[in-house]
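First comes the structure, then the notes that go with it.
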């Protein structure tokens, strides 16, 4: 090929190919050829209408080029819409669907033919498209993103055959619909080129207006405003927020841990800011997977702001969307879509939380900023294993705890200086402390204490580690050490329901039940849908101060939430016994129903004589 015979140019290339062509030919060769010729004729007409030209049309493929990427994509949408309409009239085994790939790139032109990587990439993108769908390169997307009323889905950087570098690819979402007007006979009074330009321009303007209106309605639906008067709790004086579980759009339930983990990290970071009131994870995750309105969340949790979002993880690529809503005014304060790599996850979490804080008009001091910058890990694999371990911890059963422990150990092997996996191991041991007899209670406490002390040595700002260590100390009757750890946890994370709850426990074990009641109430306000332990702990504290009706009320609430909670029934038995009610024996029977092997002797090792005596009077041994 001589240098005089060709030239280089930038052009938009469209490659279209039939899906399952060989099978169609095998089923009915004559009908397939007839349909293919008819469909190619339609495609050629539409290509011409959109100022393109057909380069080649071998077999079931059609290659064309356009001077404008906008024209190419509009043409592709028109083709798929028209062919889809025609397919509706055919039986399933005769439907003919095309994949279309579009690229903007450098090509070599020789006479009427074009060659080069620009063409090859279009062909590779066509193979990535869905049947009846369109896939465009990033170079093409950059030219059409804001020019057409369409949606796009990033498919990541794709390794494609015979192309040196990965190619960024986007799926075109063909809503709002683009309709191609039927071609009519041209009236002789108006030149063809002028009439076509007028019609095309009118159609483009019409659908741009309609499409933009539809798109705005889809992305910013009207929000029913929340009523302060109807809120289940008084609205806090400082900015208050609930972070709903981010939706997992990956199409893989195995990726659920990642979307949940991102939600947890945002909650944890916001929680460390004293100037914000943040609802705890337990409460916001009760809405997971449910079609819930922002108004409902606001009124049930007693907050002004609600954050919602989604995560799509495909290989090393992430698409994260988030929007912050003022539920009282019904306004979107901030919304953003992020297309990043997985390696950017740590910086991305920081960016999202900073945007939220700014949108709520919260001004951070240097001390506040230091609190939001908790120490973690730079090892991505260790972080992902921790997220998976944490997901299993939240399932709270024997099998999930075993898996959580294994993943936490793997995370530590990858990064021995990462504090959170040690906290996971401590939680497992404190959970087994009450119910697992394969080791002594002393062994479980000793191991939990060692893991927590290691976590704190690595990251002294870890409020959860301090809270959990306070529990270990209080169980061992080391009240002063327990109080020191509990106070530090609350100071580090004033929005942590966990920190306030364990502070309440420490105070209750120290017979300061009036103060414990206040801490439990703070914990429940931060976590309105908490584990049942919050409710029966508050009930027991009320009973300790001889407020028996209040104690019964809260213990009943714990049982309604978790009918088979062993400890809820134990504490209900105690409160009934202290109040002199005969219901104590019925509750004792429930304890034995749930755990026929219940041992008062084992339980007595970690309980007060007053509490043990109440259980014995109710008939437990």
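The values are calculated or read from the model by the stated rules, or taken from the named source; none is laboratory data. Keep in mind the model is a prediction, meaning the values are calculated, not measured. Backbone-built Cβ (ideal geometry, glycine too); neighbour counts: all protein chains shown.
Go through the range 228-245 and give me each residue that's assigned to a loop (DSSP other than H, G, I, E, B) and crowded, with 19+ Cβ neighbours inside 10 Å.
Selection gives 239, 244, 245.
Can you spot a residue in the range 330-344 that is in contact with a strand residue (DSSP E or B) (Cβ under 7 Å, 6 or more places away or on another chain) and assigned to a helix (DSSP H, G or I)?
Yes, that holds for at least one residue.
Looking at 200, 227, which one is at pLDDT below 80 and outside the structural domain of residue 313 (by TED's automatic domain parsing)?
200
Which one is modelled with the highest pLDDT, of the residues in the range 369-399 that are at negative phi, exposed (fewer than 14 other Cβ atoms within 10 Å of the Cβ) and not in a helix (DSSP H, G or I)?
So, considering only residues that are at negative phi, exposed (fewer than 14 other Cβ atoms within 10 Å of the Cβ) and not in a helix (DSSP H, G or I), the one modelled with the highest pLDDT is 378.
Does residue 279 qualify as being buried (at least 17 other Cβ atoms within 10 Å of the Cβ) and either assigned by TED's automatic domain parsing to the domain that holds residue 499 or under 12 Å from the mean Cα position of the chain (by Cα) (or both)?
Against the criterion (buried (at least 17 other Cβ atoms within 10 Å of the Cβ) and either assigned by TED's automatic domain parsing to the domain that holds residue 499 or under 12 Å from the mean Cα position of the chain (by Cα) (or both)), residue 279 does not qualify.
Scan the range 39-66 for residues that are within 13 Å of residue 97 (Cα to Cα) and surrounded by fewer than 20 Cβ atoms within 10 Å (Cβ to Cβ) and jot them down.
40, 61
Assess whether residue 95 counts as being more than 30 Å from residue 164 (Cα to Cα), surrounded by 15 or more Cβ atoms within 10 Å (Cβ to Cβ) and under 44 Å from the mean Cα position of the chain (by Cα).
yes
Within the range 126-138, work out how many residues are modelled with pLDDT under 90 and part of a helix (DSSP H, G or I).
Residues meeting the conditions: 3.
Give 235, 244 a once-over and let me know the one that is at pLDDT 90 or above and not assigned by TED's automatic domain parsing to the domain that holds residue 279.
235
Only one of 88, 67 is without any contact (Cβ under 8 Å) to a residue 40 or more places away in the chain and assigned by TED's automatic domain parsing to the domain that holds residue 144; which?
Answer to the selection: 88.
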